[in-house]
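All remarks here apply to the structure that follows.
The values are calculated or read from the model by the stated rules, or taken from the named source; none is laboratory data. Keep in mind that this is a model prediction, so the values were computed, not measured. All Cβ positions, even for glycine, are placed from backbone atoms using ideal geometry, and neighbour counts span all protein chains on display.
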Amino acid sequence: MLAEIQKDARSRMTKSLDALRHELAKIRTGRAHPSLLEHVLVDYYGSEVPIGQAASVAVEDARTLSVTPWDKNMVKLIEKAILTSDLGLNPSTAGQVIRIPLPPLTEERRIDLGRIVHQEGENAKIAIRNIRRDANHHIKELLKEKDISEDDERRAENDIQSVTDVAVKKVDEIVAEKEQELLEI
């Protein structure tokens, strides 16, 4: 039973770390990356789909993305979706290819993005602590039902705490790595 609780806590913490990485991938650094457009939705024949399902997104160079729609009728719709997104990008269309030049980040914008990165890191830490709390609650229930001894409870809570410490340290590493990316010019 204790092993199952610990295994569940470990897997949930790993999922929290993956969610953090996914959220941070959306935050724009100085380089072009196809994941910048992942959350942009385009009207594809009556249904809203991510841009990656309606077109091919590629990196042309360090500061330019190119979007090639699967259907030539989608060029205007995709261009409009990128323009109306919260990214502040100005695409230019050349035939069937949409090129998106990424302007360099200003110092002020880098500071704002750094705050967002910190906030995402804090949200991940909160999620990890909630997972720890749930696991400890399950352990205490087992103790209350006399399924485990107090020594087992203490040992299991220490194990959960060590897993939590590792996950929180990993969050700090991921946040520091993203901040370093933001500072690159």
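Which residue out of D134, D159, D112, D151 is outside the structural domain of M74 (by TED's automatic domain parsing), assigned to a helix (DSSP H, G or I), within 30 Å of A55 (Cβ to Cβ) and not aliphatic (A, V, I, L, M)?
On the way: D134 fails: within 30 Å of A55 (Cβ to Cβ); D159 fails: within 30 Å of A55 (Cβ to Cβ); D151 fails: within 30 Å of A55 (Cβ to Cβ).
Exactly one of D134, D159, D112, D151 is outside the structural domain of M74 (by TED's automatic domain parsing), assigned to a helix (DSSP H, G or I), within 30 Å of A55 (Cβ to Cβ) and not aliphatic (A, V, I, L, M), namely D112.
For the stretch 35-62, which residues satisfy the criterion of being surrounded by 12 or more Cβ atoms within 10 Å (Cβ to Cβ), under 21 Å from E184 (Cα atoms) and either of a type in the set (F, W, Y) or at pLDDT below 80 (or both)? Selection gives S35, L36, L37.
Can you confirm whether the stretch 169-176 contains a residue that is free of Cβ contacts under 8 Å to residues at least 24 places away in the same chain, in the same structural domain as M13 (by TED's automatic domain parsing), part of a helix (DSSP H, G or I) and farther than 19 Å from H22 by Cβ? Scanning the stretch 169-176 turns up at least one residue that is free of Cβ contacts under 8 Å to residues at least 24 places away in the same chain, in the same structural domain as M13 (by TED's automatic domain parsing), part of a helix (DSSP H, G or I) and farther than 19 Å from H22 by Cβ. Return yes when I174 is out of contact with any Ser or Thr (no Cβ under 8 Å at 6 or more places or on another chain), under 30 Å from E60 (Cβ atoms) and surrounded by 12 or more Cβ atoms within 10 Å (Cβ to Cβ) and no when it is not. Yes: the conditions hold for I174.
Before we move on, is S35 of a type in the set (G, A, S) and under 24 Å from E177 (Cα atoms)?
Details: of a type in the set (G, A, S): yes; under 24 Å from E177 (Cα atoms): yes.
It is true that S35 is of a type in the set (G, A, S) and under 24 Å from E177 (Cα atoms).
A127 satisfies every condition listed in (1) part of a helix (DSSP H, G or I); (2) modelled with pLDDT of 85 or more; (3) surrounded by fewer than 14 Cβ atoms within 10 Å (Cβ to Cβ); (4) hydrophobic (A, V, I, L, M, F, W, C) except (3).
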